[in-house]
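Report on the following structure.
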Amino acid sequence: MPVQRLNHAVLYVRDVDRSFAFYRDVLGFRAKVEIPGRAVFLQAEGSTNDHDLGLFAIGVGAGPSPAGRSTVGLYHLAWEVDTLAELARIREALLEVGALVGASDHGTTKALYAQDPDGLEFEVSWLLPADLITPEAQEQGASIRPLDLDAEIQRYGAQTRGGVGVSSPALG
């Protein structure tokens, strides 16, 4: 089974309207199909996929997920953006709503970590394009450092397309 990519993810949430508002207003997802009060299927801003994220309401009385603390389970989802300018824009949106919980430099990946209204963690990242991956950048990936996003923008440029030749086809 040669998997090509993740098609979509589905999350159980307490309040589907609250979660939809978060993913729409902060990350730019748009509703493709809504079942009022019960479920919503969302498409990412730059996607042509039928849906990239499904949200299903299970009720406001639901407890927090113990995954990673006392049970196995999914740690986080990671979404990739095209430019460091977009990563900076998302950082500001996450800060504005108090959702940003971390920012890391993994050498070839620059990552923001955040939590949605139910405390479910996700990552938004920018990947170095293949032609900028150096042995030094790969070595830096062996240790996680705090992300200095402004310095990375200075180094690589705000509009440099990330992931080219890595997670997306090389430009022809």
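Quick one: which residues, 5+ away or cross-chain, put their amide H under 5 Å from the amide H of Ala39? H built at 1.01 Å from N.
Ala57
With r defined as the distance between the Cβ atoms of Glu92 and Ala9 and R0 fixed at 30 Å, what FRET efficiency is calculated, to the nearest 0.05?
For Glu92 and Ala9, the calculated efficiency is 0.80.
Short version: ³J(HN,Hα) in whole Hz for each residue of the stretch 129-143, in order, from phi by Karplus 6.51 cos²θ - 1.76 cosθ + 1.60 (θ = phi - 60°), x for Gly and Pro, what are they?
Along the stretch 129-143, the couplings run x, 3, 6, 10, 7, 10, x, 4, 5, 5, 5, 4, x, 6, 10 Hz.
Using the Kirkwood formula on the Cα atoms of the stretch 1-59, what hydrodynamic radius do you get, in angstrom to one decimal?
Radius from the Kirkwood sum: 11.7 Å.
Are there trypsin sites (Lys or Arg not before Pro) in the stretch 28-77 that DSSP marks as loop and that have at most 13 other Cβ atoms within 10 Å, and which are they?
Arg38, Arg69
Check Val164: other-chain or 5+ apart residues with amide H under 5 Å from its amide H, H built from backbone geometry?
Here Ala130 satisfy the definition.
Per residue and in Å³, how big is the convex hull formed by the alpha-carbon atoms of the stretch 75-172?
98 Å³
Using alpha carbon coordinates only, what is the Rg to Rh ratio of the chain, with Rh defined as the Kirkwood radius?
0.98
Quick check on the stretch 35-88: take the gyration tensor over C-alpha atoms, sort the square-rooted eigenvalues as a ≥ b ≥ c, and tell me if it's rounded (a/c under 1.5), prolate or oblate.
oblate
Do the sum for the chain: with -39,500 (n - 2.57) for every DSSP H run of n ≥ 4, divided by all residues, what is the mean residue ellipticity at 222 nm, to the nearest 500 deg cm²/dmol?
-6500 deg cm²/dmol
Work out from phi, with θ = phi - 60° and the Karplus expression 6.51 cos²θ - 1.76 cosθ + 1.60, the ³J(HN,Hα) of each residue of the stretch 95-104, listed in order in whole Hz, and give x for Gly and Pro.
Computed from phi, the couplings for the stretch 95-104 are 4, 4, 9, x, 9, 6, 10, x, 8, 10 Hz.
Compute, for the chain, the length of the dipole vector about the Cα centre, with Cβ point charges of +1 (Lys, Arg) and -1 (Asp, Glu) only. Units Debye, rounded to 20.
380 debye
Taking every DSSP beta bridge that has both residues in the chain, what percent is antiparallel when rounded to the nearest 5?
70 percent
Using only Cα atoms, tell me the angle between helix 16-27 and the longest principal axis of the chain; keep it within 0 to 90° and round to the nearest 10.
20 degrees
Can you work out the Karplus-derived ³J(HN,Hα) for every residue in the stretch 33-38? Use 6.51 cos²θ - 1.76 cosθ + 1.60 with θ = phi - 60°, whole Hz, and x for glycine or proline.
Once rounded to whole Hz, the list reads 9, 10, 10, x, x, 10.
Taken together, the values in this text are just the output of simple stated rules run on the coordinates, not laboratory data. Just so it is clear, the structure is predicted and the values come from calculations on it, not from any experiment. Neighbour counts run over all protein chains shown; Cβ positions are idealised from the backbone, glycine included.
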